[in-house]
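Down below is the structure, laid out as structure tokens.
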Amino acid sequence: MRADAAKGVGPGKIALAAAWYAVLIAIAVVAVGLQLDRQARYDPALGALVPKAFRGDSLEALARSAFDRNDPSEGEALARELLERRPVPAEGLSLYATGLLANGKSDMAASVLQVAAGRGWRDRFVQHVVIASALQNGEPAVAAQRVIGLWRQGERADWLKDVTRTTLGERDGFAAFAAALSDGDNDFGANFLAWSATSLPAASVDRLARDLARNRTRFDCAWFSHESNRLVRDGRHDAAMAIWSAFCAGSRRTKINDMRFDESVDEPGPFGWRYPENAGVDTQISDDDGNLVLHYSNTDPLYHVIARRYLALSPGHYVLATDETTDTSAARWQIACIGSGATSHVIQLEEIREGLRPFIVQAGCTVQELTIAARLSTGEIGRIAIWPDGR
């Protein structure tokens, strides 16, 4: 039987089996090579281990590594090899242009960058060069279109914010930026305006907000209601109010130090009243012949804030006047100086007679917070007013 079995294994079957194993080995080698090449994109140390036949992603890592160690000749050669293998993506063109510039071949680099500019929006180097070139050549519209395109694509890196600021600061750059906003969807509005409120003059923020609102940019007022807290405390209240007025205020345009209570408590503006939720505390707003009145109750023996809001009073002497009635103990009023640029401290309030409390805002205190607290009481507060003290 062994002889019969041996007869069934001929040279043809042996060759077929050998070929089959060779194919499997070849597939394994290719798979390992490709996987190693792909991994080398995130781990440059693996780039040198990738066989030349499989180099693709690793060439980008090797080229960048060459530039980092100040070897522009090797960097250019590796970038050229990457470009030969993958001529379409802008990253290869960008790397090759970097090598050309480093080796003094500026004319050729300009041509390569021109091609790269038409292919890649996410390559930082290309976009930096294109935007800078447009500004230097007096083409703010081109720079503005590039900047806005990057915002629309979700880019939020610091370099983009820097070139945005530069573009808006150039002559005719603001007008070009505003014109470009009307072209296409502006879903980036909330993030863009929140950044602009911390980085641009309030007048510029006001104009941008109105332009975006006119172009029906989608805007999340609930999100900005919370974000405006930070802006006000950082002294950017004018910019915060400009954005809120453009998108969220509706028909009611309030002044920064308007002390009237708000009927809606869902999305307060930067200088709207806020009513913190606490166990045992209940607040309601009613309309009494055109005057809005705050009704409150607190069943807890501990003090809880029932209402608070920000103020932006200039340095000077003031009087806080209140119209309140309580069933038990009176509410506790407090004004504190806050803000990133000021030392936080409580401003002294002295009640000289019922409902009148003089106080002083010192220099450097640009933003204040007014809080009303109560414990184990019910009551209502109507008119609140602050006016300069003539002393």
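Miscellaneous remarks
- When the residues of segment 176-189 are filtered to those that are part of a helix (DSSP H, G or I) and over 15 Å from LEU150 (Cα atoms), the one that is modelled with the highest pLDDT is ALA176.
To keep it simple, each residue is scored yes or no on (1) part of a strand (DSSP E or B); (2) over 17 Å from ALA330 (Cβ atoms); (3) more than 36 Å from the chain's Cα centre (by Cα).
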{"position": "GLU351", "(1), (2), (3)": "no, no, yes"}
{"position": "GLY364", "(1), (2), (3)": "no, yes, no"}
{"position": "ALA373", "(1), (2), (3)": "yes, no, no"}
{"position": "THR378", "(1), (2), (3)": "yes, no, yes"}
{"position": "ILE386", "(1), (2), (3)": "yes, yes, no"}
{"position": "GLY390", "(1), (2), (3)": "no, yes, yes"}
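- Residue match in segment 48-70 (condition: at pLDDT 70 or above, in a loop (DSSP other than H, G, I, E, B), among the polar types (S, T, N, Q) and on the phi > 0 side of the Ramachandran plot): yes
- Some residue of segment 250-264 being under 18 Å from the mean Cα position of the chain (by Cα) and crowded, with 20+ Cβ neighbours inside 10 Å: no
- Only residues that are part of a loop (DSSP other than H, G, I, E, B) and under 31 Å from the mean Cα position of the chain (by Cα) were counted across segment 279-312, and they come to 1.
- Considering residues of segment 97-122 that are modelled with pLDDT of 70 or more and among the charged types (D, E, K, R) only, the residue farthest from GLY169 (Cα to Cα): LYS105
- Members of segment 196-230 that are farther than 11 Å from ALA246 by Cα, of a type outside the set (S, T, N, Q) and assigned to a helix (DSSP H, G or I): ALA197, ALA202, ALA203, ALA222, TRP223, PHE224, HIS226, GLU227, ARG230
The values are calculated or read from the model by the stated rules, or taken from the named source; none is laboratory data. Here the structure is a predicted model, which is why all the values come from computation and not from measurement. Neighbour counts are summed over all protein chains in view; Cβ atoms, including those assigned to glycine, are modelled from backbone coordinates with ideal geometry.
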